[in-house]
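Data block below; observations after.
Nothing in this text is a laboratory measurement; each read-out follows from the coordinates by a stated rule. Note that this is a predicted model, so its numbers are computed, not measured. Heads up, the Cβs are rebuilt from the backbone with ideal geometry, glycines too, and the neighbour counts pull from every protein chain shown.
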Amino acid sequence: HKGDEPYYPVNNEKNNLLYEKYRQLAESENNVIFGGRLGNYKYYDMDKVIEAALDKIEELK
């Protein structure tokens, strides 16, 4: 409904441009890992969130 905010990012042109700005800011942060639905700015089913987190851990080893 109009005025309702979704619980996850909606991938459209407006939000993709916003995500790019967030991504650039995130790159300047040290010792912080952004992940999950909001960190990657896209919808994930929970099994995919867990898989992405485990993959990130392996990548950082």
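See the values below:
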quantity: Hits in the stretch 24-61 (condition: aromatic (F, W, Y) and farther than 13 Å from Y8 by Cα); calculated: F34
quantity: Elements of type helices (runs of 4 or more DSSP H) in the stretch 10-61, at least 1 residues being surrounded by 13 or more Cβ atoms within 10 Å (Cβ to Cβ) and in contact with a Pro (Cβ under 9 Å, 6 or more places away or on another chain); calculated: 13-27, 36-39
quantity: V49 being in contact with a Gly (Cβ under 6 Å, 6 or more places away or on another chain) and of a type outside the set (F, W, Y); calculated: yes
